[in-house]
Structure formats: C-alpha cells, structure tokens
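Derivation of every value follows stated rules applied to the coordinates shown; laboratory data play no part. The shown structure was predicted, so the numbers you read here are calculated from the model rather than taken from an experiment. Every residue, glycine as well, gets a Cβ built from its backbone with ideal geometry; the counts of neighbours run over all protein chains shown.
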C-alpha cells in the first residue's frame, strides 16, 4: 500500500496577495525598488497571511514597507491573476504557479516621509503617472496606476 503524505499548504506562502498603489492628490505615485530581483520597481505589495483579510493585509503591508500610517485606503474591489515569477515561486507549495492579487489605492494629500523596509527595498521615488507607468515592472501594477491617473 502506497500512502502519500498530504502537503500542508499552510507551511508555504499563500498564493494570494495585495497591491497598494500609493498616490497623492497632485498625481504623484510612490514607487519602490525591490532588493530582489534588482531593478524591479513596484507599488506596495505583499502576500496575505493564512486567515488574513485583504484589507488587513493591505494596511499591514503599507506600514511594513513604507511606514506610512495616514491617507485614505480604498479596496478597489478589483482582482487580477498572474503567473508567479520563478524568482518568487520557491516559497509556494509545489505545483502552485498562479497568484490572486487584490488591488487597493492609498490616497495622500501630498508627499509624506517614507521609511523603507531594508530587507525588501533599496530605494523609493515619487513619479508622475507617465513615469510610473514606464517604471513599474508588473503589468498588474501598470493596470491599477492607469485606472488611478488624474
């Protein structure tokens, strides 16, 4: 009799995440450059913990990655599915290749101080919508920025 051990998916990263596009009333977007892979620019992103709601994950990730605690966080009620890049796939359960991403916006009156997570990002910058669309590395990030343009 051959009995396979079931995989405990909770031992792996949940294939569901949040994307939070931070922008100002003046039309600037906050962009973060990831430590790995180098040159990968994005808005705030992060995996949802098992049992965590998308709204709670979005608030947690904004604070963890930028230190920003003000602004109006809005769940855009928009999800996108994308293929997990090989550079990020090793933390997911075997056979998991797709991620479900929940989109949010965080609107600020103007620029605020940013405190980066040293383990995740190397630098940040504020960019116009046109610059942001050219700079971000993921198509899902570009789609949300395009929707939020002034």
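Before moving on, here are some points about what is shown:
- Efficiency of FRET between residue 116 and residue 55 - r from beta-carbon atoms, R0 22 angstrom, step 0.05: 0.45
- R0 of 30 Å, Cβ-Cβ distance residue 73-residue 137: FRET efficiency to nearest 0.05: 0.85
- Extending 7 Å from the Cα toward the beta-carbon at both residue 35 and residue 83 defines two label points whose distance is 2.8 nm.
- Using just its DSSP H runs of length 4 or more, each adding -39500 (n - 2.57), the chain gives a mean residue ellipticity at 222 nm of -6000 deg cm²/dmol after division by all residues.
- Normalised by the number of residues in segment 12-148, the average gap of Cα pairs under 8 Å and 6 or more apart makes the relative contact order 37 percent.
- When every Cα-Cα distance of segment 2-130 is counted in 10 angstrom steps from zero, the calculated P(r) takes the values 12, 40, 34, 10, 3, 1, 0 percent.
- Distance-filtered residues of segment 32-70 - backbone nitrogen under 19 Å, label point 7 angstrom along residue 10 Cα→Cβ: 47-54, 57
- GNM flexibility winner over the chain from 83, 33, 61 (Cα, springs under 10 Å): 83
- With coordinates expressed along the principal axes, the C-alpha atoms belonging to segment 63-150 extend over 43, 29, 24 Å, beginning with the largest.
- C-alpha long axis of helix 54-66 to longest principal axis of the chain, angle in °: 60
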